[in-house]
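The values are calculated or read from the model by the stated rules, or taken from the named source; none is laboratory data. Every value quoted in this text rests on a predicted model; they were computed, and no experiment measured them. For neighbour counting, all protein chains shown are included, and Cβ atoms are generated from backbone atoms with ideal geometry for every residue, glycine included. What goes into the accessible areas is simple: the full protein's heavy atoms, side chains included, and nothing from ligands, DNA or RNA. Shrake-Rupley method; radii C 1.70, N 1.55, O 1.52, S 1.80 Å.
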Amino acid sequence: MNQDDIAEGGQSPEPQEQGVEKPESKQAAASEADEMRERLLRALADAENARKRADRARAEGRESGIADLVSKIVPALDSLDLAIEAASRTEEGSRPSVDALLNGLRATSRAFLDALIKVGVERICPGTGEAFDPNIHDAISSRSDDETGDGLVLETLQPGYRVARRLVRPARVVISRAS
């Protein structure tokens, strides 16, 4: 538009100021910033949840691997316990070679158990008179016993093993029953 057009009733163009935004564009920018912030927070929360899931999966995998290994080692420990029990039946000092063997078996058993404890394995060996717990004990048999109450452990035949919350093998026990 030129000066003649303005004189004839035309409108002059509005001057555009550099760097001045309209209120609508400020609201749009603020809204977009809020939306971006929300998306960022959601992405951070998703990443944190993914990390926690991975940590749980890693821990469960570790527990599972240890439990699997323990289930394969336990029969060897049971055999070691039986050998110790059998060797203990001979009179100490009667045969020095048996005493040496017995000491070696006990040391080997202790070393196995110490190694299992270090990786988080718990040995379940209920004492006489302890209450029977079907979650961690397996009642192999029962005997009537007038001196103890009903449902108490009288004897542990084989110890049980647990890794964290996972029962690898229940303790095999004899329980009391009312006469």
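Below is a table of values for the structure above.
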| quantity | calculated |
| --- | --- |
| Tabulated pairs, the stretch 66-83, first in a helix (DSSP H, G or I), second among the β-branched types (Val, Ile, Thr), C-beta under 6 angstrom, 6+ apart or interchain | ILE66/VAL119; ILE66/VAL163; ALA67/VAL163; ALA67/VAL168; VAL70/VAL121; VAL70/VAL168; SER71/VAL168 |
| Matching residues in the stretch 74-89 - criterion: being open to solvent by 40 Å² or more (accessible area, probe 1.4 Å) and closer than 14 Å to TYR161 by Cβ | PRO75, ALA76, ASP81 |
| Unique residue being polar (S, T, N, Q) and in contact with a strand residue (DSSP E or B) (Cβ under 6 Å, 6 or more places away or on another chain) when the list is SER64, SER142 | SER142 |
| Enumerated strands (runs of 3 or more DSSP E) restricted to the stretch 98-170, each holding at least 3 residues that are more than 26 Å from the chain's Cα centre (by Cα) | 137-144, 153-158 |
| Qualifying residue in the stretch 109-131 (condition: exposed (fewer than 12 other Cβ atoms within 10 Å of the Cβ) and among the polar types (S, T, N, Q)) | no |
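Residue by residue, here is whether (1) among the polar types (S, T, N, Q); (2) in contact (Cβ under 8 Å) with a residue 24 or more places away in the chain; (3) out of contact with any Cys (no Cβ under 8 Å at 6 or more places or on another chain) holds:
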| residue | (1), (2), (3) |
| --- | --- |
| MET36 | no, no, yes |
| LEU41 | no, no, yes |
| LEU44 | no, no, yes |
| ARG51 | no, no, yes |
| ALA57 | no, no, yes |
| GLU63 | no, yes, yes |
| SER88 | yes, no, yes |
| PRO96 | no, no, yes |
| LEU105 | no, yes, yes |
